[in-house]
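For reference, the structure discussed in these notes is given below.
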Amino acid sequence: MKRQSSLDINNLTRVEDHSLPLKREFSLDIHHLTRVEGHGDIHITVRDGKLLDARWAVVETPRFFEVMLQGMSAERVPFLTSRICGICSISHALASIRALERAMDIVPPPAAEHIRLLAMHGETLQSHALHLFFLIVPDFAGTSSVLPLIQSHPDIVRAGLQLKELGNEISTVTTGRCTHPVSLVVGGVSKAPDKQRLLHLCTMIQERKPAMEAACVFFQSLILPDFVRETEFISLSNGLTYPAIGGQLVSTDGVIKDENEYLQMTNEYTAEGSTSKFTRLSRNSSAAGALARFNNNHHLLHPKAQEVANRSGLKSLCHNPFMNNIAQLVECVHILEDAEKLVNSLLDMELSEIKSNYEPKAGVATGAVEAPRGILYHHFETDNEGRIVKANCIIPTTQNNANIHFDVQAIAEQALMEGKNDEEITKLCEMVVRSYDPCISCSVH
Amino acid sequence: MNLINTMKLKIASFDFTCCEGCQLQLANRESHLTDFFELLDVRNFREISSERHNDYDIALIEGNISREDEVERLLKIRQQAKVLVAFGTCACFGGVNSMKNRFPLDDTIKEVYGNMAIETLPIRKISDLVNVDLSIPGCPVSKEEVERIIVSLATGSLITLPKYPVCVECKQELNTCLFELGEICLGPITRAGCNAVCPAGKTACLGCRGPAEEINMPAFLELVKERGLSQHDLQEKLAFYNAFEPIAPDETSILTRYQ
């Protein structure tokens, strides 16, 4: 990547621009925040130069998936739960499948586990690329969306599109479609990926490593807002590999729980004025997502990804929420390397045994996966015929909502102390919410 | 359908109760993306842009309606849009969200939110509330089909959806028929245009694109019966996207099991 093709990062200094008069009294009402998935509002009230109120309110309409799931056959469940989210449908399908397989004592064949992991990599790459290039970059470029950048900064847009396309292609080859997977089923996968297409994936990954490198150089050149608020980071951990599907539930405050003890890790509660619930563990809020995974598992990343983290100033234990963007970038580097390895081992495998037969039965279990935005729990109780008796889904953004809320308060407070004006405060609050890459429809489900 | 005369289509995309997966398709097929957006003047698209203008001609409506504020938003959009598009299965038929309507509303709220007051209405598809000019079904919509329709709108050409069922596309792909594998597949009765993506992945078509135009429903039901396949499975599949309820005979209605 040529440096001159980078965005003019000086645009960010607009946030520091004091040309507008400082107001001592104002209210900000950001209705339906843009460049995020779903509907959320930010409310800020300043009186006499002091922050009176700062709130993150989720106003998304609920869909009641936990109710819709009641009575559904196990076989159909992943096809319904994938519809919780248009961005992380593979994670939802796999969380359901894992919960049902654990509840009904089904062991999927090793090849299926490989295929599923590769599918998750595809989804996370697609999701992170969407967030980094479509939703975040405009804040630094001073544009309202990525669309003007297609003309003004074609190199960086092309790099982003190449990575996003690669993510989608990995998902399509492994699950039949990039959104709402077709072949992820209880017991394994219904169809093995085509070997020709796997070979093509190998070439594609190789060809797109320069785009990844260009993305790293670009994001390292951005100056992220200087803001720190200590919190507790929760993620999966298995001690052997960077987490994706299943494992122990760990927090940076030292809490360790078994997957089935997810309720003790989440302590979900309803919050007035918000259709999404909130969660907490050791403090009044906690965080899930790329930064939480990094803080708990950084030593398990591919060495190339660790190197990018070092170069970008990302070091565990990092409490700056804006560094979640960098953690996503670091994960993309890891994914490209790990996906290449997985594709190669799938090419060496006989892909004849891909699905275990099973008899539906009564059981109860939790399935936890690391969705792009963090740890995702599905919990099911089945009857003798494998139909759902009771369902519960706890979404990454639900686990981030309280943290987002307190970050909005803290960053507004800090910005006021620094003498920033209402426009600057608005921008910083919007940016801090976006840094979590919230998936709001998902959090309400 | 030559409603728009401008070179670039003044378009807006709005999401209601849904997963936003159909809107996301607009950002997919990355290698065609620059050309695709060349055809469009994006006036309002909250998910990817902070610009909000209300001078659009085409409005893509994703999702369904489940709260009073959504009704008001939709009516305003209808006033502005020259072409209002029901975008995706939720908008066209109600989609998976319609399963909520099988359960009493009070119990539904209580199960998820306990005693917290939550405003929610039974799910309604877009055409239950406003006139829809164009329907693009699919869960999610197929980006290729969307591209084709956008080009047709830009050039003022006729917009058509395949009238024949998924089965036709599936046979062209030489996929193994799921009925031969002992499964009920809605391919024989569902509108094509998805390239039979689900049966190609060896999972049953659940009918997200709604009924094909010329289908033989009695023969389809007879086929399921003849092969001794599960009536419960049939009910669950027919009701999955709420796209077949109006044509399914009473005995296959999923409602019977929940009442």
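What follows is calculated from the coordinates using simple rules that are stated; it is not laboratory data. Nothing here was measured: the structure is a model prediction, and the numbers come from that model. Methodologically, a virtual Cβ is constructed for each residue, glycine included, from the backbone with ideal geometry; neighbour enumeration extends over all protein chains shown.
General remarks:
- Cα centre as origin, Lys/Arg/Asp/Glu Cβ charges: segment A:229-276 dipole, Debye: 140 debye
- Extents of segment B:1-69, largest first, come to 36, 28, 27 Å (Cα atoms, principal axes, whole angstrom).
- Our compactness index for segment A:199-324, the C-alpha radius of gyration over the empirical 2.2 N^0.38 Å, is 1.24.
- Using every pair of distinct Cα positions in segment A:324-445, the Kirkwood expression returns a hydrodynamic radius of 18.5 angstrom.
- Shape descriptor for segment A:65-444: Rg over Rh equals 0.96 (Cα atoms; Rh from the Kirkwood inverse mean 1/r).
- Neighbours of B:Asn216, meaning other residues whose beta-carbon lies under 15 angstrom from its beta-carbon, give a summed charge of -1 when Lys and Arg score +1 and Asp and Glu score -1.
- Using the alpha-carbon positions of the protein assembly as shown, Rg (one decimal) and Dmax (whole number) come out as 24.2, 78 Å.
- Binning the alpha carbon pair distances of chain B at 5 angstrom intervals from zero yields the distribution 1, 6, 12, 16, 17, 15, 13, 10, 7, 3, 1, 0, expressed in whole percent.
- Exposure proxy order (Cβ contacts within 10 Å, fewest to most) of A:Thr252, B:Thr89, A:Thr275: A:Thr252, A:Thr275, B:Thr89
- Rounded FRET efficiency, nearest 0.05, which uses the C-beta distance separating A:Met349 from A:Gln206 and R0 of 30 Å: 0.90
- Taking other C-beta atoms within 10 Å as the exposure proxy, A:Ser152, A:Ser82 rank A:Ser152, A:Ser82 from fewest upward.
- Neighbourhood charge, 12 Å Cβ-Cβ cut-off, centred on A:Glu413 and excluding it, Lys, Arg +1 and Asp, Glu -1: 0
- Over all pairs of different C-alpha atoms, segment B:9-155 has a mean inverse distance whose reciprocal, the Kirkwood radius, equals 16.0 Å.
- Restriction of the trypsin sites (Lys or Arg not before Pro) in segment B:57-123 to DSSP coil positions whose beta-carbon has at most 16 other beta-carbons within 10 angstrom yields B:Lys82.
- Of all DSSP-defined beta bridges confined to the protein assembly as shown, some 70% are antiparallel rather than parallel.
- Stokes-Einstein diffusion coefficient of segment A:272-378, Kirkwood radius over Cα pairs, 10 °C, 1.306 mPa s, in µm²/s: 94 µm²/s
- Sequence-distant residues sharing a close amide H with B:Leu134 (under 5 Å, placed H): B:Leu84, B:Ala86
- Chain A: angle of helix A:323-348 to the longest principal axis, Cα-based, in degrees nearest 10: 20 degrees
- Annotation for A:Arg197 and A:Asn310: the two label points, set 7 Å from Cα along the Cα-Cβ direction, are 3.9 nm apart.
- Efficiency of FRET between A:Gln248 and B:Asn115 - r from beta-carbon atoms, R0 22 angstrom, step 0.05: 0.05
- Neighbour counts of C-beta atoms inside 10 Å place A:Lys50, A:Lys420 in the sequence A:Lys50, A:Lys420, starting with the fewest.
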